[in-house]
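Report on the following structure.
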């Protein structure tokens, strides 16, 4: 978080480490107490961690988008009933119970935020990145989305409308970015490689075929 | 409550700092914080709405000075204390001093994956017709409740248009406070950026929220 460029920053850095050390101790103590009380099973905690560390992540959403790009019937289903269409690919569950897909077009760019907490479509994107949960994004996504996009290196044409979806209820939104040019004939797997997490939040665009991630 | 969580449109928080190749977790304790929080939620003492309210009830200085997993842990301790599963003496001692209450609801490793895959839908049966339909012009109510609400301050007392009817969903304003689910019709309501932020707003901006029927009046 802080740089080691002078004494003052060294001090901050140590302070930061101590603070996180405190959190590690605090969480460890809490888990110990709750385990002793018979309220939690550390093996269940392991399973939860493993689920979101290795199994559920933005590759799921990328597969949904890639299929929507190449299969018009699936795209129509995704537009009509995203929860069912996404579940048909095996992605469902906590924080994805009520899904809505929103489709970018040449005239409209969609962007998703949760100004009130950190609501995010876990089954398709996994756990949210830190910036998504932090005040700078949550405060400005609804009032200055073009400024926000600039900080992600995205500049849209001035006449592109921006539609921001604030996830204030249990509806969870997945942005379907526009399919990049020059991708005719690519396989589902190749297409999914172009679908970044940010493009499915709306703070990025899908990659061009030769563009580095 | 328009507490520290009510961030839409606030200024002064600075630039967004996306991290390249961000890891899912930044420390081992964050992993445990996630897992312990979800495992405790499965005990059934509180709803997701009550846990959100516990987080936003942190003092603003504490909320803004904490990372998201810190907020979760601080709120989790408060929830466990409120529901009689933890006390200050135990936290001081670092060990259990009395048995747990809801031990029969403990999430097992074999049930954990299934519980996550199942989730917890919040749509409920319709008991009366929806008051609004897509295209209706509405105005959000002018309300500043002390308790939990999901009507953000920036969207209070604003004109908008109903865009979608989402069904009948659990009402957080009641459910967060142990008053039952009191399900209400839920709508996606769209506002022009100019109506939210005034004449300096981006004329090409629109913002939607998901709003329960009690948040809305016909315009």
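Please list B:172-185, A:151-164 highest first by mean number of surrounding beta-carbon atoms within 10 Å per residue. It would help to have the intermediate numbers written out before the result.
On the way: B:172-185: 18.0, A:151-164: 15.3.
Descending packing order for the listed peptides: B:172-185, A:151-164.
What ranking do A:33, A:201 get, fewest neighbouring Cβ atoms within 10 angstrom at the top? Don't skip to the end; give the middle numbers.
On the way: A:33 23, A:201 28.
Least crowded to most crowded, the residues run A:33, A:201.
If each DSSP helix of 4+ residues adds -39,500 (n - 2.57) and the sum is divided by the residues in chain A, what number results at 222 nm, nearest 500 deg cm²/dmol?
Details: 11 runs with 98 residues, N = 213.
Only helices count here, giving -13000 deg cm²/dmol.
Once both labels are modelled 7 Å past Cα along the beta-carbon direction, what's the residue B:126-residue A:25 spacing in nm?
Result for the modelled spin labels: 5.8 nm.
For a quick check: sort A:144, B:62 by the number of other beta carbons within 10 angstrom, fewest at the front.
Numbers: A:144 19, B:62 13.
The most exposed by this proxy come first: B:62, A:144.
May I ask you to sort B:67, A:167, A:54 by Cβ crowding, counting other Cβ atoms within 10 Å and putting the fewest first? Don't skip to the end; give the middle numbers.
Values: B:67 18, A:167 24, A:54 10.
By the 10 Å Cβ count, ascending: A:54, B:67, A:167.
On each of the three principal axes of the Cα atoms of the range A:143-204, give max minus min coordinate, whole Å, ordered largest first.
So the extents along the principal axes, rounded to whole Å, are 39, 31, 19.
Averaged across A:141-149, how many Cβ atoms of other chains sit within 10 Å of each residue's Cβ atom? Intermediate results must be reported in sequence, preceding the final value.
Details: counts 5, 15, 12, 7, 5, 3, 3, 2, 1.
Mean partner-chain Cβ count within 10 Å for A:141-149: 6.
Scale the Cα Rg of chain B by the rule-of-thumb value 2.2 N^0.38 Å and send over the ratio, two decimals. Before the final figure, lay out each step's value.
Details: Rg = 20.1 Å, N = 219, 2.2 N^0.38 = 17.1 Å.
Rounded to two decimals, the normalised Rg is 1.18.
Summarise the partner chain shielding of B:42-54 as one whole number: the mean count of Cβ atoms from other chains within 10 Å of each residue's Cβ. Write down the numbers at each step before the final one.
Values: counts 4, 3, 0, 1, 0, 0, 4, 1, 0, 1, 4, 0, 0.
Taking the mean over all residues of the peptide, I get 1.
I want to verify a result. In a Gaussian network model of chain A, Cα cutoff 10 Å, which of these has the top mean-square fluctuation: A:102, A:64, A:27?
A:27
On the Cα set of the range B:129-180, report Rg and Dmax in Å, please.
My reading of the Cα-based Rg and Dmax gives 12.5, 34 Å.
How big is the antiparallel share of DSSP beta bridges in the protein assembly as shown, given as a percent to the nearest 5?
On the way: 22 of 39 bridges.
Percent antiparallel among DSSP bridges in the protein assembly as shown is about 55.
Once you put a point 7 Å from the Cα of residue B:95 and another 7 Å from the Cα of residue B:139, both along the Cβ direction, what distance in nm separates them?
It is 6.3 nm.
Compare A:168, A:196, A:47 in a GNM of chain A, Cα atoms joined below 10 Å, and give the one with the largest fluctuation.
A:47
Taking chain A as the reference, fit the longest principal axis to its C-alpha atoms, fit the long axis of helix A:7-36 to the helix C-alpha atoms, and give the angle between the two in degrees, 0 to 90, nearest 10.
Compared with the principal axis, the helix lies near 90 degrees.
According to the square roots a ≥ b ≥ c of the eigenvalues of the Cα gyration tensor, what is the shape class of the range A:57-201, taking rounded for a/c under 1.5, prolate for a/b larger than b/c otherwise, and oblate for the remainder?
oblate
How big is Rg to Rh over the range A:62-106, alpha-carbon atoms, Rh as the Kirkwood inverse-mean-distance radius? Numbers along the way, then the final one.
On the way: Rg = 10.1 Å, Rh = 10.6 Å.
Over the Cα atoms of the range A:62-106, Rg/Rh equals 0.95.
Take the alpha carbon gyration tensor of the protein assembly as shown, find the square roots of its eigenvalues, order them as a ≥ b ≥ c, and report rounded if a/c is under 1.5; if not, report prolate when a/b exceeds b/c, else oblate. The partial results should precede the final answer.
Working: a/c = 1.42, a/b = 1.27, b/c = 1.12.
Verdict is rounded for the protein assembly as shown.
Plugging the Kirkwood radius over Cα pairs into Stokes-Einstein for the range B:124-218, at a temperature of 4 °C and a viscosity of 1.567 mPa s, what D comes out in µm²/s?
Numbers: Rh = 13.8 Å.
For the chosen part, D equals 94 µm²/s.
Once both labels are modelled 7 Å past Cα along the beta-carbon direction, what's the residue B:59-residue B:20 spacing in nm?
4.0 nm
What whole number of Å gives the distance from the Cα centroid of the range B:187-208 to the Cα centroid of the range A:95-132?
19 Å
What residues of the range A:195-213 lie in the reach of a label at residue B:13, counting those whose backbone N is under 16 Å from a point 7 Å from the Cα along Cα→Cβ?
Those under the cut-off are A:203.
Determine the shielding of peptide B:119-127 by partner chains: average, over its residues, the number of Cβ atoms on other chains within 10 angstrom of each Cβ.
Working: counts 10, 5, 4, 5, 3, 0, 0, 0, 0.
Whole-number average of other-chain Cβ neighbours for B:119-127 is 3.
Under 10 Å, Cα contacts only: if you run a Gaussian network model on chain A, which one of A:38, A:202, A:57 comes out with the highest mean-square fluctuation?
A:38
How large is the helix-only mean residue ellipticity at 222 nm for chain B, computed as the sum of -39500 (n - 2.57) over DSSP H runs with n ≥ 4, divided by its residue count, in deg cm²/dmol to the nearest 500?
Working: 8 runs with 68 residues, N = 219.
Here the helix-only value at 222 nm equals -8500 deg cm²/dmol.
FYI, it's all coordinate maths here, none of it is from the lab. Given the structure is predicted, the values throughout are model-derived calculations rather than measurements. Please note: Cβ atoms are built from the backbone with ideal geometry, for glycine as well, and neighbour counts cover all protein chains shown.
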